[in-house]
Amino acid sequence: MNGPIRRRNLLTGVGLSGILAGCLGTERLAGNDDAETTTEQTGLSREGTSFEDRDEPPDYDCETADRPEPDAPDTSAEEAVEPTSYPDPLDSFDDDDSTVEYVEAYERAYRRNTLVAEWGARLTQFFVGIEGTKSFSSPGNAALVRIQYHYSETVERSGGTVIGDSPTIFVTYYLDQSVLIRAESSDRPEDLAALDPDPWLAGDPVECFE
């Protein structure tokens, strides 16, 4: 689920602050605080593709709904990244900006918790950089939002500190008042206006609502 990671540095006995700042520009890596991200709103138009003929949500089974919800690492190390909570569900999807903000916050929490579940106390910093967001037309009282982003992780290992970079990841969320469905791909869509990844074809429920 995480996609391939490129390991770009093995640091041993070197201060991280200057190196990380040089690698990641003005963005701030987050430890126990949420990462600052800069969002480039490149989508938010509904031009190009219409999915209004899909009047039903993607097929899903709430018994299979799953999202990473790790416990806090069992450590006293202050630098260990802790899991974070997911945002509360939206009451409506009438406002594009609010819906996009919700999806971005959800995916940041999803990625952070995925990395905490994978690395535990060895994860000391992570970063999410959102590169673009696109909103698609959707069935009534629902929303379709795709974000593209990359992330970095800093992991402490016996041989030193390893910083990993992800490829660009594309994640599409279908959301309505009953379910949140997520589809992920690290393959760049041939047509950025197309619904790719498609939650109807490759989505999994991550949360169901009463």
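The values are calculated or read from the model by the stated rules, or taken from the named source; none is laboratory data. What you see is a predicted model, and the numbers here were worked out from it, not measured in a lab. Glycine also receives a Cβ, built like all others from the backbone with ideal geometry; neighbour counts cover every protein chain displayed. For the accessible areas, the whole protein counts, side chains as well, though only heavy atoms, and no ligand, DNA or RNA atoms are used. Shrake-Rupley method; radii C 1.70, N 1.55, O 1.52, S 1.80 Å.
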field: Matching residues, region 171-195, being farther than 15 Å from S138 by Cβ and open to solvent by 50 Å² or more (accessible area, probe 1.4 Å)
entry: E184, S186, D187, R188, E190, D191, L192
- prompt: Do we have any residue at all in region 109-132 that's under 18 Å from Q177 (Cα atoms), open to solvent by less than 40 Å² (accessible area, probe 1.4 Å) and polar (S, T, N, Q)?
  reply: no
message: Looking only at strands (runs of 3 or more DSSP E) that lie completely in region 125-210, which have at least 2 residues being over 29 Å from V81 (Cβ atoms)?
response: 142-157
- request: May I ask you to list the residues in region 85-108 that are of a type in the set (A, V, I, L, M, F, W, C) and open to solvent by less than 20 Å² (accessible area, probe 1.4 Å)?
  value: V100, V103
statement: Counted residues in region 84-122 being hydrophobic (A, V, I, L, M, F, W, C) and within 13 Å of the chain's Cα centre (by Cα) come to 5
- prompt: Is there any pair linking a residue in region 88-105 that is in a loop (DSSP other than H, G, I, E, B) to one that is among the charged types (D, E, K, R), with Cβ under 9 Å and at least six apart or on different chains, and which?
  reply: P89/E207; F93/D176
